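Below is one structure; the comments refer to it alone.
The values are calculated or read from the model by the stated rules, or taken from the named source; none is laboratory data. Predicted model, so just to flag it, every value in this text is computed and none were measured. Positions of Cβ are generated from backbone atoms using ideal geometry, with glycine treated the same way; all protein chains shown enter the neighbour counts. Side chains included, ligands, DNA and RNA excluded: accessible areas come from the protein's heavy atoms. Shrake-Rupley method; radii C 1.70, N 1.55, O 1.52, S 1.80 Å.
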Amino acid sequence: MKNIKDRIKAHEGFRDTIYKDSLGKPTIGWGHLVLDTDNFQENIVYSVEELESTFDYDYNIALEGANTLIQAHLGSIEYNELPEQNKYIIKGVITEMVFQLGTTGVSKFKQMWLNLDSCNFGRASQEMMDSRWYKQTQARCIELSGIIRNIK
């Protein structure tokens, strides 16, 4: 899943100090939301190695969330008959969405899930675009929905 990690990193960008994200929340590294339980402090530069470890932790949480959502929402005969490569592509997109929006946020894309399960990838892509997510991060949403739309 290295290519998925690389894509997430490219979309998130990297900062070695705390900054405010597009919603004004303190963030560091590759899109890590700074929590009260973190030891990160303002105006301190952190090493790439330390932030890589934080990214890996966040990625594993996103992957776990994606697996949970996929198990809960995708199981139709049509979906189960998809080639493994297509399932991998879907899992990658869902993992990135969970990385950015959280498991709960991605669970709210009800029509996207229904259309993914019935393998209506064009409609699933449209449902991704018809969201607040699109308004917040258009380029990322366009790219990820395009990946889904192009599944054959």
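Determine the equivalent ellipsoid of the chain by diagonalising the alpha-carbon gyration tensor, then write out the semi-axes as square roots of 5 times the eigenvalues, largest first, rounded to whole Å.
On the way: eigenvalues 178, 47, 34 Å².
The three semi-axes for the chain are 30, 15, 13 Å.
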Taking amide H positions as placed in the peptide plane 1.01 Å from N, state which residues far from Ile18 in sequence (5 or more) or on other chains have amide H under 5 Å from it.
Asn43, Ile44
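Round to the nearest 0.05 the FRET efficiency obtained for Ser118 and Ala10 when R0 = 35 Å and r is the Cβ-Cβ distance. Write out the running numbers ahead of the final one.
On the way: r = 31 Å, r/R0 = 0.88.
Using R0 = 35 Å, I get an efficiency of 0.70.
Among 48-54, 3-9, how do they line up by average Cβ neighbours within 10 Å per residue, starting with the highest? Display every interim value, and only then the final one.
Values: 48-54: 13.4, 3-9: 16.6.
Sorting 48-54, 3-9 by mean packing, highest first, produces 3-9, 48-54.
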Summed over the other residues with a beta carbon less than 12 angstrom from that of Leu101, with K and R at +1 and D and E at -1, the charge totals +2
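Is there a pair in Lys110/Lys152; Lys25/Lys135; Lys9/Lys152; Lys87/Lys135 whose C-alpha atoms are over 20 Å apart, and which pairs would that be?
Details: Lys110/Lys152 22 Å; Lys25/Lys135 17 Å; Lys9/Lys152 26 Å; Lys87/Lys135 27 Å.
Exceeds cut-off: Lys110/Lys152; Lys9/Lys152; Lys87/Lys135.
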Long-range HN-HN contacts of Val34 with modeled amide H, under 5 Å:
Thr27, Ile28
What's the extension gain from Ser53 to Ile142 if we count 0.36 nm per residue and subtract their Cα-Cα distance?
29.2 nm
Among Thr104, Gly31, Trp133, the residue whose Cα sits farthest towards the positive end of the charge dipole of the chain (+1 at Cβ of Lys and Arg, -1 at Cβ of Asp and Glu, taken about the Cα centre) is Trp133
Considering only protein heavy atoms, what per residue accessible area in square angstrom results for the chain with a 1.4 angstrom probe?
56
Between Lys20 and Lys110, Cβ-based FRET efficiency (R0 30 Å, step 0.05) works out to 0.45
Once you charge only the Cβ atoms, +1 for Lys and Arg and -1 for Asp and Glu, what is the size of the charge dipole of the chain about its Cα centre, to the nearest 20 debye?
680
With labels modelled as points extended 7 Å from the Cα through the Cβ direction, what inter-label distance (nm, one decimal) is found for Asn39 paired with Glu64?
2.1
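Would you work out if the stretch 34-93 is rounded, prolate or oblate? Take a ≥ b ≥ c from the square roots of the eigenvalues of the alpha-carbon gyration tensor; rounded if a/c is under 1.5, else prolate when a/b is larger than b/c, oblate otherwise. Please report the intermediate quantities before stating the final value.
Working: a/c = 5.50, a/b = 2.83, b/c = 1.94.
It is prolate, given that a/c is not under 1.5 and a/b is the larger ratio.
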